[in-house]
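Peer 1: Mind looking over this structure? Questions follow.
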Amino acid sequence: MPHIVILGAGFAGVWAAAAAARVRDGADLDITLVAPDDELVLRPRMYEAEPDRATVPLAGLLKPIDVRHRRAWGERIDVERREVHAGGDVLGYDRLVLATGSRLVRPELPGAGLLFDVDTLRGARRLAGHLRGREGFTAVVVGAGFTGLEVATELAGRGRVVLVERADVVGPDLGPAPRPCIEDALDRLGIEVRLRTSLHAVEPGAGTRPGGGAHGAVEAVLSDGTRVAADAVIWTAGMRADALTEQVPARRDRLGRVAVDRWMRVEEPSGAVFAAGDVAAARFDDSHDVMQSCQHATPMGKTAGHNAAADLLGLEPIDFAPAPYVTCLDLGAAGGLYTKGWDRQVALSGERGKEVKQWIMRRIQPPVDDAEQLLALAGMVRLPIPF
């Protein structure tokens, strides 16, 4: 029986599985999703105080649509043999969907082991547990991009926050349009912003504060020579595609993403590999590639899963057709931002912006134990956004 193997259980992997199951529609086709954990992690919500609330059980997504879950890390891809090595097993595939996501680029600096992050559920749990029950803590957040801004503004209501950014503006990759709203929010929340500054080291503090946990107090040593005594230093700067992309003989971009065509097929000799999500460099339009975000991972996964199954069943492929580009940014007690277009013109801000952010976060969560609804959504590659 033909076999599709999907590596990764993020938005791209889960929706690739659902789309392939929809196309299968009773035909002889096996689908296996390979991932080490039992949850879909809603990664855009890992900055929240209780990250465990931002997970969905994979069993409730995969079992109703008859997709097998192999609990293991994908360790090696043999494109020539069409095999995946995972957890001591070798899985043969007829079509492979690579959807293993991205990873935080971790710095090489003294004391890097003392850093926290919210890149994974494990990392977010570690930070949440470290700060739980503390009052008046100090947190140093490194990086004022999407993640850094959401982490900093979330923590600002619970303690002192120092936001460190090596560029000369906050949100350097967000462009100028939303910056006044962001700067106003940071001012209102009392966040200390250190621009043109980077983190040079993290050193153990002079002593352990009450309730200090495993690390106790540390000192963040900044590039301008200042030292900030902190309860946690949180690294949010830089993302790169998962290293498994390096095992596929294809062109890669500066983020390590493999080039794909409009059907999400990887531009490599075998023609049997598709990619979606943060590992794939797909064209959004004539001027832009997709972003590493759930907004693009979801339609990419649906397109890749559909086309992997269609390829094996002799059906027509579909083109990748994302919805218009929008962004949503949570700014804690200062509300939120909702922008439209690649120049990120602010459409909504404040409380209304936060309501839209929360609506979108609810919308991205797949339905559990409902095969009919899951398969129906898998067929809607371009979901409308009514804002």
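Peer 1: Does S223 meet the test of being farther than 20 Å from W342 by Cα and either surrounded by fewer than 18 Cβ atoms within 10 Å (Cβ to Cβ) or out of contact with any strand residue (DSSP E or B) (no Cβ under 6 Å at 6 or more places or on another chain) (or both)?
Peer 2: Values: farther than 20 Å from W342 by Cα: yes; either surrounded by fewer than 18 Cβ atoms within 10 Å (Cβ to Cβ) or out of contact with any strand residue (DSSP E or B) (no Cβ under 6 Å at 6 or more places or on another chain) (or both): yes.
Judged against the criteria, S223 is a match.
Peer 1: Within region 193-204, can one find any residue that is at pLDDT below 95 and outside any helix (DSSP H, G or I)?
Peer 2: Taking region 193-204 and keeping what is at pLDDT below 95, we get 204.
Next, from what is left, pick out any that are outside any helix (DSSP H, G or I): 204.
Yes, some residue in region 193-204 is at pLDDT below 95 and outside any helix (DSSP H, G or I).
Peer 1: crowded, with 19+ Cβ neighbours inside 10 Å, on the phi < 0 side of the Ramachandran plot and not charged (D, E, K, R): does that describe A259?
Peer 2: Numbers: crowded, with 19+ Cβ neighbours inside 10 Å: no; on the phi < 0 side of the Ramachandran plot: yes; not charged (D, E, K, R): yes.
No; evaluated as a whole, the condition is false for this residue.
Peer 1: While we're on this one: Which members of region 291-322 meet the condition of being among the aliphatic types (A, V, I, L, M) and either over 18 Å from V67 (Cα atoms) or in a loop (DSSP other than H, G, I, E, B) (or both)?
Peer 2: M291, A297, M300, L315, I318, A321 - these are the residues of region 291-322 that are among the aliphatic types (A, V, I, L, M) and either over 18 Å from V67 (Cα atoms) or in a loop (DSSP other than H, G, I, E, B) (or both).
Peer 1: Considering only residues that are farther than 15 Å from P64 by Cβ, small (G, A, S) and touching a Gly at 6+ places or on another chain (Cβ under 7 Å), which ones fall in region 1-49?
Peer 2: Within region 1-49, G8, G10, A12, G13, A16, A35 meet the criteria.
Peer 1: Does V164 qualify as being assigned to a loop (DSSP other than H, G, I, E, B), surrounded by 18 or more Cβ atoms within 10 Å (Cβ to Cβ) and either of a type in the set (A, V, I, L, M, F, W, C) or in the same structural domain as A9 (by TED's automatic domain parsing) (or both)? Walk me through it before giving the result.
Peer 2: Values: assigned to a loop (DSSP other than H, G, I, E, B): no; surrounded by 18 or more Cβ atoms within 10 Å (Cβ to Cβ): yes; either of a type in the set (A, V, I, L, M, F, W, C) or in the same structural domain as A9 (by TED's automatic domain parsing) (or both): yes.
No: the conditions fail for V164.
Peer 1: Additional query: For region 2-59, how many residues meet the condition of being closer than 20 Å to A86 by Cα, not in a helix (DSSP H, G or I) and not charged (D, E, K, R)?
Peer 2: Of the residues in region 2-59, 17 are closer than 20 Å to A86 by Cα, not in a helix (DSSP H, G or I) and not charged (D, E, K, R).
Peer 1: Still on this structure: For region 375-384, state whether one or more residues are assigned to a helix (DSSP H, G or I) and within 19 Å of the chain's Cα centre (by Cα). I'd like the intermediate steps shown before the answer.
Peer 2: Let us first name the residues in region 375-384 that are assigned to a helix (DSSP H, G or I), namely 375-378.
Checking which are within 19 Å of the chain's Cα centre (by Cα) leaves us with none.
The answer is no, given that none of the residues of region 375-384 is assigned to a helix (DSSP H, G or I) and within 19 Å of the chain's Cα centre (by Cα).
Peer 1: What's the total number of residues in region 293-320 that are at pLDDT below 95 and either in contact with a Leu (Cβ under 7 Å, 6 or more places away or on another chain) or not hydrophobic (A, V, I, L, M, F, W, C) (or both)? Lay out the reasoning, then the answer.
Peer 2: Here is the first cut: in region 293-320, the ones at pLDDT below 95 are 293-295.
Cutting the leftovers down to either in contact with a Leu (Cβ under 7 Å, 6 or more places away or on another chain) or not hydrophobic (A, V, I, L, M, F, W, C) (or both) gives us 293, 295.
Within region 293-320, residues that are at pLDDT below 95 and either in contact with a Leu (Cβ under 7 Å, 6 or more places away or on another chain) or not hydrophobic (A, V, I, L, M, F, W, C) (or both) number 2.
Peer 1: Continuing with this model, one more query. Report, by residue number, each residue of region 56-110 that is in contact with a Pro (Cβ under 7 Å, 6 or more places away or on another chain) and aromatic (F, W, Y).
Peer 2: The initial filter retains those residues of region 56-110 that are in contact with a Pro (Cβ under 7 Å, 6 or more places away or on another chain), namely 56, 61, 71-73, 79, 94.
The answer is W73, and nothing else.
One line per residue, one yes/no per condition, for (1) part of a helix (DSSP H, G or I); (2) modelled with pLDDT under 95; (3) more than 30 Å from D30 (Cβ to Cβ):
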| residue | (1), (2), (3) |
| --- | --- |
| L61 | yes, no, no |
| H69 | no, no, no |
| R76 | no, no, no |
| V84 | no, no, no |
| L127 | yes, no, yes |
| R134 | no, yes, yes |
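Peer 1: Quick one: in region 343-366, of everything that is more than 15 Å from L331 (Cβ to Cβ), under 19 Å from the mean Cα position of the chain (by Cα) and touching a residue at least 40 places away in the same chain (Cβ under 8 Å), which residue is surrounded by the most Cβ atoms within 10 Å (Cβ to Cβ)?
Peer 2: P366
Peer 1: Turning to a different aspect of this structure: In region 108-118, how many are surrounded by fewer than 21 Cβ atoms within 10 Å (Cβ to Cβ) and in contact with a His (Cβ under 9 Å, 6 or more places away or on another chain)?
Peer 2: Of the residues in that region, 3 qualify.
Peer 1: Which residue pairs have Cβ atoms under 6 Å apart, sit 6 or more places apart or on different chains, and have a first residue in region 126-153 that is more than 13 Å from L186 (Cα to Cα) and a second that is surrounded by fewer than 24 Cβ atoms within 10 Å (Cβ to Cβ) and basic (K, R)?
Peer 2: Between residues of region 126-153 that are more than 13 Å from L186 (Cα to Cα) and residues that are surrounded by fewer than 24 Cβ atoms within 10 Å (Cβ to Cβ) and basic (K, R), the close pairs are T138/R160.
Peer 1: Among the residues of region 72-92, which ones are in contact with a Gly (Cβ under 7 Å, 6 or more places away or on another chain) and either of a type in the set (K, R) or free of Cβ contacts under 8 Å to residues at least 24 places away in the same chain (or both)?
Peer 2: Across region 72-92, the qualifying residues are R82, E83.
Peer 1: Within region 77-107, restricting attention to residues that are surrounded by fewer than 20 Cβ atoms within 10 Å (Cβ to Cβ) and under 22 Å from the mean Cα position of the chain (by Cα), which residue is farthest from Q292 (Cα to Cα)?
Peer 2: P107
Peer 1: With the structure loaded, tell me whether A144 is modelled with pLDDT of 95 or more, under 24 Å from the mean Cα position of the chain (by Cα), within 21 Å of C294 (Cα to Cα) and of a type in the set (G, A, S) or whether it fails that test.
Peer 2: Judged against the criteria, A144 is a match.
The values are calculated or read from the model by the stated rules, or taken from the named source; none is laboratory data. What you see is a predicted model; the values in this text were computed from it and never measured. Methodologically, a virtual Cβ is constructed for each residue, glycine included, from the backbone with ideal geometry; neighbour enumeration extends over all protein chains shown.
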